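**Student:** Before anything else, here's the structure in question.
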Amino acid sequence: MFGELKISPVLSLTPRETVDQAAGKLLEFAEFPQVLRWFQFPTALVVFVAHADHPEYGAVYIYDRKKCVWLWVDFDDQNYGGYSPQEFDVLVERGHFLWLAASPGLLGSPVQWEITPGQQPTVIGRLPV
C-alpha cells in the first residue's frame, strides 16, 4: 500500500476564488462526490472524496492555494480503484502524508517522494528536467 507519490494537476482556478469556491469547483469537476475528510492549511487544502454509490473507494486531492490548482494524488501501488477511508486514515496517521501535503510546493519540485506507513515521506529521486 502506497509507494511512489504521483501528482497530476487536474483543475486550475483564478486567485480570486475562496477556498469554499475552489472546493465547489473540484466537486463539480469530480461529478459531485461526498467529502469524507477535509484538512485545511495556510498553503493547502487536502480533501478525500468518494461517490455515494461507492463510498468504499475514494480519491485524494490537494488544492495548492498559492498556485490555485487542484492536484490529484495517486501512488504507484496498483490500487486502481481508489482508496478506502481506512486506507486514507493510514496515509494520514502512519504515512505522515499531511506533513508533505501542507507544503504543496514540495510536490511541484523535481523531487520524487515515496510514502510508506510507519515512516516519514522519503525522497527517492529526481524527476528528469
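Here, each number is a calculation from the coordinates, and none is a lab measurement. Quantities reported herein were computed from a predicted structural model and do not represent experimental measurements. Quick reminder, even Gly has a Cβ in these numbers, built from the backbone with ideal geometry, and neighbours come from all protein chains shown.
**Student:** Name the single residue, out of those in the range 29-49 being among the aromatic types (Phe, Trp, Tyr) and touching a helix residue (DSSP H, G or I) at 6+ places or on another chain (Cβ under 7 Å), that is nearest to GLY105 (Cα to Cα). Working first, answer last.
**Tutor:** Step one: list which residues in the range 29-49 are among the aromatic types (Phe, Trp, Tyr), which gives 29, 32, 38-39, 41, 48.
Filter once more, keeping what is touching a helix residue (DSSP H, G or I) at 6+ places or on another chain (Cβ under 7 Å): 39, 48.
On the way: PHE39: 17, PHE48: 20 Å.
Filtering first and then ranking leaves PHE39.
**Student:** Exactly one of these conditions fails for TYR63: (1) touching a Gly at 6+ places or on another chain (Cβ under 8 Å); (2) assigned to a strand (DSSP E or B). Give me its number.
**Tutor:** Condition (1) is where TYR63 drops out.
**Student:** Count, please, the residues in the range 103-124 that happen to be buried (at least 17 other Cβ atoms within 10 Å of the Cβ) and among the aliphatic types (A, V, I, L, M).
**Tutor:** Within the range 103-124, residues that are buried (at least 17 other Cβ atoms within 10 Å of the Cβ) and among the aliphatic types (A, V, I, L, M) number 2.
**Student:** Out of all the residues in the range 64-71, is one or more of a type in the set (D, E, K, R), surrounded by fewer than 19 Cβ atoms within 10 Å (Cβ to Cβ) and more than 20 Å from VAL19 (Cβ to Cβ)?
**Tutor:** Within the range 64-71 (the criterion being of a type in the set (D, E, K, R), surrounded by fewer than 19 Cβ atoms within 10 Å (Cβ to Cβ) and more than 20 Å from VAL19 (Cβ to Cβ)), the answer is no, since none of the residues qualifies.
**Student:** May I pose another question? Answer yes if at least one residue in the range 72-93 is under 13 Å from PHE2 (Cβ atoms), of a type in the set (A, V, I, L, M), outside any helix (DSSP H, G or I) and within 12 Å of the chain's Cα centre (by Cα), and no otherwise.
**Tutor:** So far as the range 72-93 goes, yes, one or more of its residues are under 13 Å from PHE2 (Cβ atoms), of a type in the set (A, V, I, L, M), outside any helix (DSSP H, G or I) and within 12 Å of the chain's Cα centre (by Cα).
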